[in-house]
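Chemist: Below is the structure I would like to discuss, written out as structure tokens.
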Amino acid sequence: ALRKGSDLEKAFATVALVYSNSASPEGKLSKGEAKSLLQAQFLSFIQGQESKPKYQEIISALDEESENKIDFEDFMILLVSLALMSDLLREIRNVKTTK
């Protein structure tokens, strides 16, 4: 659907597709499923973050009530929160691309 879309549009579509493929028919993930999805699909961003208090807070919230469900909006907030604290994001920001 986004063959001619921008890189950003394709990236967002990929996130939505990955989430959708993992979510229940109601469009939600259990917190445990969300944690597993992040560990499988977002490892480069979360690796090495274990000692950061904010990371520990986010992950412990997923562990505490793993039966509770989260929707796509909550998942995106979680994803962005983890990306913003990531050391990998700092490295990416330092890379300049030419077109």
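The values are calculated or read from the model by the stated rules, or taken from the named source; none is laboratory data. None of these values were measured; they are calculated from a predicted model. For neighbour counting, all protein chains shown are included, and Cβ atoms are generated from backbone atoms with ideal geometry for every residue, glycine included. What goes into the accessible areas is simple: the full protein's heavy atoms, side chains included, and nothing from ligands, DNA or RNA. Shrake-Rupley method; radii C 1.70, N 1.55, O 1.52, S 1.80 Å.
Chemist: Are any residues in segment 31-47 of a type outside the set (V, I, T) and surrounded by 17 or more Cβ atoms within 10 Å (Cβ to Cβ), and if so, which ones?
Modeler: Matches in segment 31-47: K31, E33, A34, K35, L37, L38, F42, F45.
Chemist: Restricting attention to helices (runs of 4 or more DSSP H) lying wholly within segment 1-47, give those where 3 or more residues are modelled with pLDDT of 90 or more and of a type in the set (A, V, I, L, M, F, W, C).
Modeler: 7-22, 31-41
Chemist: Also, I was wondering about something else. When you scan segment 48-67, how many residues do you find that are open to solvent by 70 Å² or more (accessible area, probe 1.4 Å) and in a helix (DSSP H, G or I)?
Modeler: At the first step, the residues of segment 48-67 found to be open to solvent by 70 Å² or more (accessible area, probe 1.4 Å) are 50-51, 53-54, 56-57, 63-65, 67.
Okay, now just the ones that are also in a helix (DSSP H, G or I), so 53-54, 56-57, 63-64.
The number of residues fulfilling the criteria is 6.
Chemist: Okay, moving on. State which residue is nearest to E26 (Cα to Cα) when the search covers only segment 68-79 and only residues that are part of a helix (DSSP H, G or I) and open to solvent by 80 Å² or more (accessible area, probe 1.4 Å).
Modeler: Checked segment 68-79; the qualifying residue nearest to E26 (Cα to Cα) is E73.
Chemist: Evaluate the following for S86: is it at pLDDT below 90, over 17 Å from T14 (Cα atoms), open to solvent by less than 80 Å² (accessible area, probe 1.4 Å) and touching a strand residue (DSSP E or B) at 6+ places or on another chain (Cβ under 7 Å)? Let's see the steps before the verdict.
Modeler: On the way: at pLDDT below 90: yes; over 17 Å from T14 (Cα atoms): yes; open to solvent by less than 80 Å² (accessible area, probe 1.4 Å): yes; touching a strand residue (DSSP E or B) at 6+ places or on another chain (Cβ under 7 Å): no.
No.
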